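FYI, it's all coordinate maths here, none of it is from the lab. Everything numeric in this text was worked out from a predicted model, so none of it was measured. Virtual Cβ from ideal backbone geometry, glycine too; neighbours counted across all protein chains shown.
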Amino acid sequence: MKIYNKKQLAKEIGVSVVTLDRYRKEGKIPHRKIGSRVVFTDADMIAFLDSCYIPAVNFPSERERMEIKKSYHAVTQLRTVTG
């Protein structure tokens, strides 16, 4: 298990120490206290990163895009003909 201090973890996850401290105080990231010293484990970092997970949006496949395009063109032509 790896142990990080605030500065190390902030650098690791790409935020400032002030932001990391705010996340900690808001309960967004788990931490440990050893005396007055605040430390984080690699498991704490992973738990935080997992809580930030946003799933990818499913975009249509190339075949689906072509079908949508054909449908659009068919509707557009129908509108032009029927006026």
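Figure legend. Inter-residue proximity from the range 1-18: first residues over 15 Å from ARG37 (Cα atoms) and free of Cβ contacts under 8 Å to residues at least 12 places away in the same chain, second residues among the polar types (S, T, N, Q) and in a loop (DSSP other than H, G, I, E, B), beta-carbon distance below 7 Å, spacing 6+ or different chains. Indicated pairs: ALA10/SER16. The residues in the range 22-43 that are touching a residue at least 40 places away in the same chain (Cβ under 8 Å) and within 15 Å of LYS11 (Cα to Cα) can be counted, and the count is 2. Residues in the range 1-45 that are in contact with a helix residue (DSSP H, G or I) (Cβ under 8 Å, 6 or more places away or on another chain), loosely packed, with under 12 Cβ neighbours inside 10 Å and of a type in the set (A, V, I, L, M): MET1 alone.
The listed residues are LYS6, LYS28, and the only one of them that is within 16 Å of CYS52 (Cα to Cα), within 23 Å of the chain's Cα centre (by Cα) and among the charged types (D, E, K, R) turns out to be LYS28.
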